[in-house]
Structure formats: C-alpha cells, structure tokens
Amino acid sequence: MVKTKRLKKGRNLSASKTLSVFSSFLLACLALVAHPLLGRNQADKQTAPNPPHTGEVRVNPKDGLKYVWIPPGTFMMGCSPGDTECQKSEKPSHQVTITKGFWIGQTEVTVAAYQLFASATTRQMPPAPPFNSGWTDQNMPIVNVSWEEAEAFCTWTGGRLPTEAEWEYAARAGDPHARYGDLDQIAWYGKNSGGRTHDVAQKQANGFGLYDTLGNVWEWVNDWFDEHYYQNSPSQDPKGPNSGEFRVLRGGSWFYFPRFNRVSFRVSFYPSGRIGNYGIRCAGDPHLH
C-alpha cells in the first residue's frame, strides 16, 4: 500500500511538472507572437499625427502651400442678412451643415506652386497675363487656368476642389455678413487693385485665417452651376447638381466692382475656359496631410 501511494504521488508530481513546463512554453510562444505586434502598435501610436484643431496650419509638401483645418459646423448659406445686392441665384438663404472637417488652402494657389505641378506633370504653363509677364512674380496667384486644370492641380496635391458649400462656409468663417470686414482692408478689387492681381496674403485674413477669399482672383469650386439649386439643395454636405454646362466660381477678383466681391455671390463659366482673373484654392480631406 505504501509503495502504491508513493507511486501515485510520484506520478502526480511528474504530471504537474509536465503541465508547468508546457504552460511556460505556451506563454513563451504567445510572447514571441505578441511582442512584435505590441511593438508595432506602440510605434503606430508614436508616429500617428495628432488630430487637427480649428485653425491649425500645416504645409502640404507636394505644393509647398499652407492649408488650414476647418472644423465641421452649420451656417446660413446664400444671401446675407441685410444684403440688398443679392442675385436670384443666391436665394433663398438656407441652413447648411458641413458634417466633416476639411483642409483648405490658406491662400490662393501661387504661380510657384503651379510651376511645381507643371514641371512634375510635364504640362505647359498657362498664358501669362500682361501684369505678370513670364510669370516673374512667383507669389501672385496663378490665373488663366480652366476648371479642368484647377481640378487636375488639386488632385495632384493629394486634395480636391472644395464644394461650393465648403467654400462659402470657410470664407464666412462664422461671419453672417456679406463681407467679413471693410472691403479695402480685406480684398483687392476693381477700385484698389491697379488693374492686376497682387501677391497672396497681403490683406486682412478672415476668422479662420484665410486670405483673399474675397477679391484678387475668382476661385473655381467643384460644383456644376444651377441658378435654382438653392431652392431644393440638401441641408447636409451639398455637392451641387449631378451635371451641367458650367462650373461655379466664387469670391470676386481684382477686376470687379464691390457688388461682385460678396461672400454669397456666384458666377459660372465653361469648364475648359480660361480668363485672366480665374484662379484656384484647393481643399482636402483629413488624410491630405
């Protein structure tokens, strides 16, 4: 009886020891598998960029331009309160919600930035205007670009053209008025421009820190134009009509009278058309930078 008990006891100890060794082996295997994963997760946390905050400015390495982070929000789009110069296409004023934040150019696209694009894509530069012969002033906004060229440029940067609603939301920057300040302080237009564009970011910025949203050059947006679109447009993230003949431009320019340099004013033109006061401001989704 004594031998039997001792034998059983020995077997139990042996089994326990075997189980312990197996458990240690299993834990070691799990550690080998988990370790690189844990390390990778830790590296991801260390390299992941911080989420942008309102008004944050980052440089896009592709075009060298600064972009500003615009948070989601709700605003009144269209004819501003008390504005007696509104056209039919600006009415009715209606509430719009931008549900996702986005990046937008702090300035209009400059000659220097467009030259990078032209060189990288082996495109020809557009015809230079008389006031910037040979594109000598690199800090002036690019002009004489079609919607097609504007769209191609913004795609090359990793971004896109803003929707018309995004453009107006960013241009207003929370201000309900037709202009965010005295026109001579914020914009180059027919009265003060001397008949030409000027270097970007020389006038007062708006509440989001954007320059020249009014004046200097008209800015192409992504939307097709429909004079009656506001009558039935979506209240969230409107993207314009599905098709059309003309594309929309916003913001006014160096060539026009004050009534054209209002935040709600809309014009349109052929997508392939070029004019000496048509330019670009790109937008982008969070992954742009």
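Sort out which residues of the stretch 113-157 are assigned to a loop (DSSP other than H, G, I, E, B), without any contact (Cβ under 8 Å) to a residue 40 or more places away in the chain and among the β-branched types (Val, Ile, Thr), and write them in order of number.
Keep residues of the stretch 113-157 that are assigned to a loop (DSSP other than H, G, I, E, B), which gives 121-129, 136-140, 142-146, 157.
Going one step further and asking which of them are without any contact (Cβ under 8 Å) to a residue 40 or more places away in the chain, we end up with 121-125, 128, 136, 138.
The answer is THR121, THR122, THR136.
Listed here are the residues, each with its yes/no results for (1) surrounded by fewer than 16 Cβ atoms within 10 Å (Cβ to Cβ); (2) in contact with a Pro (Cβ under 7 Å, 6 or more places away or on another chain); (3) under 22 Å from LEU249 (Cβ atoms).
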residue: GLY78; (1), (2), (3): no, yes, yes
residue: PRO92; (1), (2), (3): yes, no, yes
residue: GLY101; (1), (2), (3): no, yes, no
residue: LEU116; (1), (2), (3): no, no, no
residue: ALA120; (1), (2), (3): yes, no, no
residue: GLN124; (1), (2), (3): yes, no, no
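Select, from ASN216, ASN222, ASN192, ASN242, the only residue that is modelled with pLDDT of 95 or more and crowded, with 23+ Cβ neighbours inside 10 Å. First the steps, then the outcome.
Working: ASN222 fails: crowded, with 23+ Cβ neighbours inside 10 Å; ASN192 fails: crowded, with 23+ Cβ neighbours inside 10 Å; ASN242 fails: crowded, with 23+ Cβ neighbours inside 10 Å.
Of the residues listed, the single one that is modelled with pLDDT of 95 or more and crowded, with 23+ Cβ neighbours inside 10 Å is ASN216.
Regarding the stretch 226-233, can at least one residue be identified that is in contact with a strand residue (DSSP E or B) (Cβ under 7 Å, 6 or more places away or on another chain), farther than 24 Å from GLY82 by Cβ and outside any loop (DSSP other than H, G, I, E, B)?
no
Are any residues in the stretch 60-81 free of Cβ contacts under 8 Å to residues at least 40 places away in the same chain and over 17 Å from GLU166 (Cβ atoms), and if so, which ones? Quick ask: steps written out before the conclusion?
Just the residues of the stretch 60-81 that are free of Cβ contacts under 8 Å to residues at least 40 places away in the same chain, to begin with: 61, 69, 71-72, 74.
Answer for the stretch 60-81, where residues must be free of Cβ contacts under 8 Å to residues at least 40 places away in the same chain and over 17 Å from GLU166 (Cβ atoms): just PRO61.
State the number of residues belonging to the stretch 54-97 that are among the β-branched types (Val, Ile, Thr), closer than 16 Å to PRO286 by Cα and either in a loop (DSSP other than H, G, I, E, B) or out of contact with any strand residue (DSSP E or B) (no Cβ under 6 Å at 6 or more places or on another chain) (or both).
Narrowing the stretch 54-97 to residues among the β-branched types (Val, Ile, Thr): 54, 57, 59, 68, 70, 74, 84, 96-97.
Pick out the ones that are also closer than 16 Å to PRO286 by Cα and you get 54, 57, 59, 68, 70.
In the following step, the residues that additionally are either in a loop (DSSP other than H, G, I, E, B) or out of contact with any strand residue (DSSP E or B) (no Cβ under 6 Å at 6 or more places or on another chain) (or both) were identified as 54.
Number satisfying all stated conditions: 1.
Can you tell me which residue within the stretch 244-276, out of those that are assigned to a loop (DSSP other than H, G, I, E, B) and in contact with a strand residue (DSSP E or B) (Cβ under 6 Å, 6 or more places away or on another chain), is nearest to ASN216 (Cα to Cα)? Full working, then the answer.
Residues of the stretch 244-276 that are assigned to a loop (DSSP other than H, G, I, E, B), as a first pass: 244-246, 251-257, 261-265, 270-276.
Right, trim to in contact with a strand residue (DSSP E or B) (Cβ under 6 Å, 6 or more places away or on another chain) and you get 244, 246, 251, 253, 271.
Numbers: GLY244: 27, PHE246: 22, GLY251: 9, SER253: 4, PRO271: 20 Å.
That would be SER253.
I'm told HIS198 meets every condition in (1) more than 17 Å from the chain's Cα centre (by Cα); (2) within 24 Å of CYS79 (Cβ to Cβ); (3) surrounded by fewer than 23 Cβ atoms within 10 Å (Cβ to Cβ) except one. Can you identify the failing condition by its number?
Of everything listed in (1) more than 17 Å from the chain's Cα centre (by Cα); (2) within 24 Å of CYS79 (Cβ to Cβ); (3) surrounded by fewer than 23 Cβ atoms within 10 Å (Cβ to Cβ), HIS198 misses just condition (2).
Looking at this structure, is LYS45 farther than 30 Å from LEU116 by Cα, of a type outside the set (A, V, I, L, M), modelled with pLDDT under 50 and surrounded by fewer than 10 Cβ atoms within 10 Å (Cβ to Cβ)?
Here the answer is yes, as LYS45 does meet what is asked.
Please verify whether PRO286 is at pLDDT below 95 and not hydrophobic (A, V, I, L, M, F, W, C), treating the condition exactly as stated.
For PRO286, the condition - at pLDDT below 95 and not hydrophobic (A, V, I, L, M, F, W, C) - is met.
The values are calculated or read from the model by the stated rules, or taken from the named source; none is laboratory data. All values derive from a computational prediction rather than experimental measurement. Heads up, the Cβs are rebuilt from the backbone with ideal geometry, glycines too, and the neighbour counts pull from every protein chain shown.
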